[in-house]
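Accompanying notes for the structure given below.
The values are calculated or read from the model by the stated rules, or taken from the named source; none is laboratory data. None of the values given here were measured: they were computed from a predicted structure. Don't worry about glycine lacking a Cβ; one is built from the backbone with ideal geometry, like all the others, and counts go over all protein chains shown.
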Amino acid sequence: MTFLNVVVRGLLRRPVRTGLTLVGISIGIAAVVALVGLASGYEKSMGKHLDVLGIDIVVSNIRGGFLPKAFDASLQPRVAKLQRVAETTSVLMEMQSVEDVPMMMVSGREWGGFTWANLSVVSGRMPRDGKERAVVLGRMAAEVLKKKVGDTVQIDAEELPVVGIVDGHAVIENGAVMLSLQVLQEVTGNEGKINFIDLRLVPNTSKEDVNKLCAQIKEIFPEGRAMVASEVVSTSQGFRIAQAMSWSTSFLAITVGILGVMNTMLMTVFERTHEIGILLAVGWKRSRIVFMVLCESALLGLLGGIVGVALGVMGIWLLEQTTAVRSLLEPNLSLNLMAVSVAIAVVVGVISGVYPGWRSSRLSPTIALSAQ
Amino acid sequence: MFEPTQIGSGKVVFEAVALKKHFDDGKVAALQGVDLQIRQGEFVSVIGPSGCGKSTLLALLGSLDKPSSGTLTYRGQSIPDLPDPAAYRCHEIGFIFQSFHLLPTFTAAENVQIPMFEGKLSRAQRKERAVELLKSMGLGHRLNHFPSQLSGGERQRVAIARSLANGPSVLLADEPTGNLDSKSAQQIMELILQLHGEMGMTFVLVTHDLTIAERATRTVSMRDGRVTSDQLSNRTAIGALNDIS
């Protein structure tokens, strides 16, 4: 018999209670895995989207909600004139409820700009020109909206025909409704407004020049900002909110988990007062008893963590099957996140064992022995 | 006749001087000044009515509790001031209780191994020693039984095996036959006498059963927290062993 056997035996003493506690922690950990996985999936999908389009710098307003506030399109030629800027294109992006789908990216792109270049037609065709009142759908968007070429899609008050279905090589692109900037401005009553200017730089621009360029943009557009593509997502308000929400919900779930384990371990210690008295009488050091309690709660955490990660992965898989999530992001389940989640669970276990362990170490052997 | 000091090797194992123990802030006086010497190899039975303080005395000897005043030493060292009371309980003494105090979720062999976690034996050595001890208690066929599957006498034999796990030099027994039928009680007493005779251990046995007390080499009577008489029986350790053989 090893010390681990003693620890396991302690947990198996009340299998139902141990099992229920395990369920409690695993739900907490599953929440961490699912929520953080979704948030980081959003970040990754966004990053991939910018990458696929070949965008180096994004100019937008600082203020705004999930998407930054719109600004005047006249800014674009001024930015285009700056040094090291190779190409610019304007975008008006809206997050809208489109027909039955609660949240969908509607992307109005400057006709002829490089953001159109990367799309490959799967069926139908591209809009003929920037004035044609028509949309193309990303592959996923078409699937989610259940639309094919020839159907119409309602954007604001207007029914626009679907002329093509395209593959954009990134989840965000494939999940979007795309149309000419001018058309979207007219349809939504945002004439002359855009909320992004996407920049491509001259190849091999040094970091220093990039910083200089960003500063210059800031000068001509004081209420806006220029961000290197890799930073866009992590600094976006919407992403930060999503991230904060996922972590704070996780924090709550973990707190509930800690209380559950602590309650179980306290019960165990109270219930086993007599047995702890026996251990003291046969010469166990108090530190060994504390260690036993801590090991039990850490083991509970470890098992809860493993089950929780499995549940979280399943939960994400289920979420992925829902249309709302599917068109917006690819959940990101890194091994790192799973390992961190299991580690959190073990730490939760150890923390929960500290007070019960301390209680058990303060028992007087004679009083503990006489307890029944 | 022997004088108490001549029994055993003569080395003093326990010495109590004016030993007092109060409970509930002095309201209950369990021991009211006990003076006692116990020498190596002695088999001392402590008798007296319930509440006379005999179990309290045993708890103090085993460092399970601390005296309120007076001195109590083990081989010259103050028991309440031991730097590591756990090590003392683990390696120097073994406890045998009236209600066995076995861990219900562990088998007989596992119960005997529990104290050995504080020792230096390997996992295999622990197991081997536990099996050996249980076999010597006549429980070779009960190794993997849980306490609930054992009779009272068998449980007490497991407890005795456990008390011997780390090779103590003193055994402290608190009414070891109190929960047993007369036949099992007889067997347990014989086992204890045999251990005393064979291993030369020092025994302190608390009981209120005079027939059991008679078999010790020395009988200390207590009443109201004081020692009222201290007599050698006409039986020596050797004599006691001869009784059973």
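Among the helices (runs of 4 or more DSSP H) contained in region A:262-372, which hold 3 or more residues that are touching a residue at least 40 places away in the same chain (Cβ under 8 Å), farther than 30 Å from B:Pro115 by Cα and of a type outside the set (A, V, I, L, M)?
Ranges flagged: A:286-320.
Yes or no: A:Ala242 closer than 23 Å to A:Lys48 by Cα, small (Gly, Ala, Ser), modelled with pLDDT under 85 and in contact with a Leu (Cβ under 6 Å, 6 or more places away or on another chain)?
No: the conditions fail for A:Ala242.
For region A:1-51, how many residues are within 11 Å of chain B (Cβ to nearest Cβ) and surrounded by 15 or more Cβ atoms within 10 Å (Cβ to Cβ)?
7
Which numbered condition in (1) closer than 26 Å to A:Glu43 by Cβ; (2) touching a strand residue (DSSP E or B) at 6+ places or on another chain (Cβ under 7 Å) is the only one that A:Thr205 fails?
(2)
For region A:259-298, which positions are more than 14 Å from chain B (Cβ to nearest Cβ) and buried (at least 20 other Cβ atoms within 10 Å of the Cβ)?
If the condition is that a residue be more than 14 Å from chain B (Cβ to nearest Cβ) and buried (at least 20 other Cβ atoms within 10 Å of the Cβ), then A:Gly260, A:Val261, A:Met262, A:Thr264, A:Met265, A:Val269, A:Val293, A:Leu294, A:Ser297, A:Ala298 are the ones that fit.
Of everything in region B:159-172, what is within 17 Å of B:Gln125 (Cα to Cα) and either in a loop (DSSP other than H, G, I, E, B) or more than 10 Å from every other protein chain (Cβ to nearest Cβ) (or both)? Give them in sequence order.
The answer is B:Ala161, B:Leu164, B:Ala165, B:Asn166, B:Gly167.
Is it true that A:Ile217 is touching a residue at least 24 places away in the same chain (Cβ under 8 Å), away from chain B (no Cβ under 14 Å) and over 26 Å from A:Val16 (Cα atoms)?
Considered against the rule, which asks whether it is touching a residue at least 24 places away in the same chain (Cβ under 8 Å), away from chain B (no Cβ under 14 Å) and over 26 Å from A:Val16 (Cα atoms), A:Ile217 comes out as yes.
Name, by its number, the condition in (1) buried (at least 20 other Cβ atoms within 10 Å of the Cβ); (2) closer than 23 Å to A:Pro365 by Cα that does not hold for A:Gly304.
The one condition A:Gly304 does not meet is (2).
Is there a residue in region B:46-63 that is crowded, with 23+ Cβ neighbours inside 10 Å, over 23 Å from B:Ala159 (Cα atoms) and hydrophobic (A, V, I, L, M, F, W, C)?
For region B:46-63, residues crowded, with 23+ Cβ neighbours inside 10 Å, over 23 Å from B:Ala159 (Cα atoms) and hydrophobic (A, V, I, L, M, F, W, C): present.
One residue is enough: does region A:364-371 have a residue meeting the conditions more than 14 Å from chain B (Cβ to nearest Cβ), of a type in the set (Gly, Ala, Ser) and in contact with a helix residue (DSSP H, G or I) (Cβ under 8 Å, 6 or more places away or on another chain)?
No, every residue in region A:364-371 fails to be more than 14 Å from chain B (Cβ to nearest Cβ), of a type in the set (Gly, Ala, Ser) and in contact with a helix residue (DSSP H, G or I) (Cβ under 8 Å, 6 or more places away or on another chain).
Given (1) within 16 Å of A:Val8 (Cα to Cα); (2) away from chain B (no Cβ under 14 Å); (3) charged (D, E, K, R), where does A:Glu320 come up short, assuming only one miss?
Failing condition for A:Glu320: (1).
Matching residues to (1) of a type in the set (A, V, I, L, M); (2) without any contact (Cβ under 8 Å) to a residue 24 or more places away in the chain; (3) part of a loop (DSSP other than H, G, I, E, B):
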| residue | (1), (2), (3) |
| --- | --- |
| A:Arg78 | no, no, no |
| A:Ala86 | yes, no, no |
| A:Thr89 | no, no, no |
| A:Ser97 | no, yes, no |
| A:Met105 | yes, no, no |
| A:Gly108 | no, no, no |
| A:Ser123 | no, no, no |
| A:Pro127 | no, no, yes |
| A:Leu137 | yes, no, no |
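Would you check which residues across region B:102-114 are part of a helix (DSSP H, G or I) and facing chain A (nearest Cβ under 7 Å) and list them?
B:Glu110, B:Gln113, B:Ile114, listed by residue number.
I need the full set of residues from region A:107-128 which are more than 15 Å from A:Ile55 (Cα to Cα) and among the β-branched types (Val, Ile, Thr), in order please.
Result: A:Val121, A:Val122.
Answer yes or no as to whether B:His141 is out of contact with any strand residue (DSSP E or B) (no Cβ under 6 Å at 6 or more places or on another chain), crowded, with 16+ Cβ neighbours inside 10 Å and either facing chain A (nearest Cβ under 8 Å) or not in a helix (DSSP H, G or I) (or both).
Answer is no for this residue.
Somewhere in region A:121-136, is a residue buried (at least 20 other Cβ atoms within 10 Å of the Cβ), under 32 Å from the mean Cα position of the chain (by Cα) and at pLDDT 90 or above?
yes
I'm trying to understand the selection: among the residues of region B:117-136, which are more than 9 Å from chain A (Cβ to nearest Cβ), assigned to a helix (DSSP H, G or I) and either under 19 Å from the mean Cα position of the chain (by Cα) or not charged (D, E, K, R) (or both)?
B:Ala124, B:Gln125, B:Val131, B:Leu133, B:Leu134, B:Ser136
Could you figure out which of (1) within 14 Å of chain A (Cβ to nearest Cβ); (2) buried (at least 22 other Cβ atoms within 10 Å of the Cβ); (3) of a type outside the set (Val, Ile, Thr) isn't true of B:Gln156?
(1)
Could you check region B:4-101 for strands (runs of 3 or more DSSP E) lying wholly inside it with 3 or more residues that are more than 14 Å from chain A (Cβ to nearest Cβ)?
B:12-23, B:28-39, B:43-47, B:69-74
Report whether or not B:Phe43 is farther than 22 Å from B:His196 by Cα, of a type in the set (Phe, Trp, Tyr) and at pLDDT 90 or above.
Spelling it out, it is not the case that B:Phe43 is farther than 22 Å from B:His196 by Cα, of a type in the set (Phe, Trp, Tyr) and at pLDDT 90 or above.
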